[in-house]
1. Filter the stretch 215-248 down to residues that are over 33 Å from the mean Cα position of the chain (by Cα) and of a type in the set (F, W, Y), then give me how many there are.
2. Which one of these does E333 not meet: (1) free of Cβ contacts under 8 Å to residues at least 40 places away in the same chain; (2) under 21 Å from R414 (Cβ atoms); (3) not in a loop (DSSP other than H, G, I, E, B)?
3. If you take the residues in the stretch 521-544 that are part of a loop (DSSP other than H, G, I, E, B) and touching a Ser or Thr at 6+ places or on another chain (Cβ under 9 Å), which one is surrounded by the most Cβ atoms within 10 Å (Cβ to Cβ)?
4. Can you run down the residue pairs with Cβ atoms below 7 Å, 6 or more apart or on separate chains, where the first is in the stretch 429-448 and more than 17 Å from E239 (Cβ to Cβ) and the partner is buried (at least 24 other Cβ atoms within 10 Å of the Cβ) and modelled with pLDDT under 95?
5. Give the residue, chosen from V364, V351, that is farther than 19 Å from G124 by Cβ, in contact with a Leu (Cβ under 9 Å, 6 or more places away or on another chain) and hydrophobic (A, V, I, L, M, F, W, C).
6. Would you check if there is a residue in the stretch 208-221 being of a type in the set (K, R) and touching a strand residue (DSSP E or B) at 6+ places or on another chain (Cβ under 7 Å)?
7. Of these, Y472, Y418, which one is part of a loop (DSSP other than H, G, I, E, B), of a type in the set (F, W, Y) and over 21 Å from G368 (Cα atoms)?
Amino acid sequence: MNYRILSLAACLAGGLSCVTVCRADAVRPDMYVATNGNDAWSGRLAAANAARSDGPLATLQGARDRLRALRKTGGPAQPCVVQFQGGTYALRQAVELSAADSGTAAAPVVYRAEPGASVRLTGGREVTNWRTVTDAAVLARLPEEVRAQVQVADLRAQGITDFGKLSVRGFGAGNPSAEAELFLNDEPMTLARWPNEGFRKVTSARDPRVNVTDAERVARWAQEAAPWVFAYWHHDWAELYEPLQGVQPASNALLRTQSIKPVYGITAKVARWYGLNLLSEIDRPGEYYLDRANGLLYFLPPQQGGRAVLSLAESLIRAEKLAHVTFQGFILEACRGTALSLKGGTNCAVVGCTIRNTGHNGVVVSGGVGHTVYGCDVSQVGTGGIAMSGGDRRTLTAAGHNVENNHVHHFGRRARTYQPGIRVDGVGNRIAHNLVHDGPHMALAAGGNDHVVEYNEIHNVVEESGDAGAYYVGRDWTQRGNVLRYNYWHQIVGGTGYGGMTIYLDDQHCGHTIQGNIFERCSQAVFIGGGDDNVVTNNVFLGCWKAAHLDNRGMGWQKKATDDLKGELRSHLRSMPYTNELWRARYPALVGILEDEPGIPKRNVFARNLSAGGVWEDISKTIRAYQTVTNNLVFDAEPGWVQLVKDANGRPVRLDFKDPAAVQALGFVPVPVEKMGLYQDPRRASWPVPHAVRPVKLPEAKAKK
């Protein structure tokens, strides 16, 4: 990569020199911001004989306004680097930027943290003045063993009065609201719940009553002001957070709110739940409860001391129609919504930032062209990590967004399903060289057309849900041209008996190319749910329970949906101009789909793959004649035939074969193993990047006789 300084520019009006750069931290800044600054000052560092108005600014908003003012003095805009000195910058609301704050290709604007310094843009406020609980009524409700340890803080006495509120959320119910959350030493604490881990079962359900087996425990909740429940009431991919009307200990019942309807109802034999927002369940270090009526925060700290922070600001940075602006090296944290969002605009970048402890996403890009999220560490986000959409599907015009070299982990904290670590939508975007792990549901998604997902490492995801995929898309014949290549997928099994797939093309999804990937210890590695024109070539499957699956659901249980003129598949098809000249040239097999037995999956290719251990393929015999399954090397009973060699840090470096000549004769193309995952770069938020890989237990593999 080219990090050299490209050019020097003349001074901005007001005497600020600026530099156009590829790597901002190699360039002298033109404007400064400091915690002891003043937004009435110039932004220049004061010299011995400087004017009294010289000195750093105090805020991001002040720097934005200073740049606006300088541009109004006349003359062309010049490149500018705004450097924030170390410290914590508290935001009570998001800083808004618009087209007026843009740079240009020749004169970009860079907001950056001082190299080597910790610069926090926080939406939180420190909570102090903790004291031991003495209220007899409260003590009586707390578990006896922790009564002497639970602390309380009066938030209103500290000027904190906006607590937000809990919201109904989950599958079909929307995203979380902007509510206050508690963090200690930069880690999220737990809203008091029971059980502390896992779920409880349901014995019977007759809405709105849900009967459970925990009468003694439920009886403790009779005095709770606002008890809530989190549940998978039917499907393991459809969760719901909802308030309880109350509890009925005599009949072992949770009383639901009649106006809230789970999308798929409640099925007692598979439902699982836990209670939350319960003062009486503060029994584990790290749990808290916020008494909104009285402004009191109760907390069982996991340690003595530490910095407790309550999130206040909904967001930190919001930009619309912004162009050629980079945000680099910041810590963005403790907000109730999404940390940074870009709507529209051109060629903006979020580089080397640490983004954590958000109520919603880390970064969201909606529309625009050529935006980049690079080298960031994103963790403990309430919903997804990084989401970028852009491009015009009707004209197949690419947006060119890029998500590269990011570490995204422990995501989906407050919304557990369909909130991937990284997602792109639209046309022509890229997900590359990222590391994604520790999530309850999907890790990656690419909805739309002509996206590239390459050189990523994904492990230990789909950890709470079932019938879900580490990469998931579904139910659309038109979302074609997407390429998944050279990714390393490992230790993926699913959290329930329904199982977790790795690459999951659900409900007749079509037109994916899956090439040169490595799947190691995945339960169902490539799972194609009845779609057409998917190409699975040159992949390596190591110890996977089932490597390749293709079923005929469009001929069976999904035939009614396939033939439904008002159903999703045909509605999605009608919404795209799939018969025009452009679409015909790009996706010729799609043009005649309605005349070509649409429920029968056709033209899928499984070729030149290597599989060792586990079971190679699970392709429905009724449709095998419509597919190409050829030139695959399969050693179900010999897991050591292919070995993935790793370095001392567990990174894969090469593939070794028992018979290299046989692999070469197959036409197998060498896989660039050493390029998979993160790579070292001075713009990364951190290096090295440790991450624990936990072995999973797969169903027992049975070799074919």
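1. Count: 1.
2. Single failed check for E333: (1).
3. Within the stretch 521-544, the match that is surrounded by the most Cβ atoms within 10 Å (Cβ to Cβ) is N539.
4. Sorted first by the residue in the stretch 429-448, then by its partner, the list stays empty.
5. Details: V351 fails: in contact with a Leu (Cβ under 9 Å, 6 or more places away or on another chain).
Answer to the selection: V364.
6. yes
7. Y418
Let's see how each residue does on (1) under 22 Å from W237 (Cβ atoms); (2) within 25 Å of the chain's Cα centre (by Cα):
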position	(1), (2)
Q479	yes, yes
Q515	no, yes
C522	yes, yes
L542	no, no
G554	yes, no
W557	yes, no
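The values are calculated or read from the model by the stated rules, or taken from the named source; none is laboratory data. Owing to the predicted nature of the structure, the values given are computational and were not obtained by experimental measurement. Note: ideal-geometry Cβ built from the backbone for every residue, glycine included; neighbour counts use all protein chains shown.
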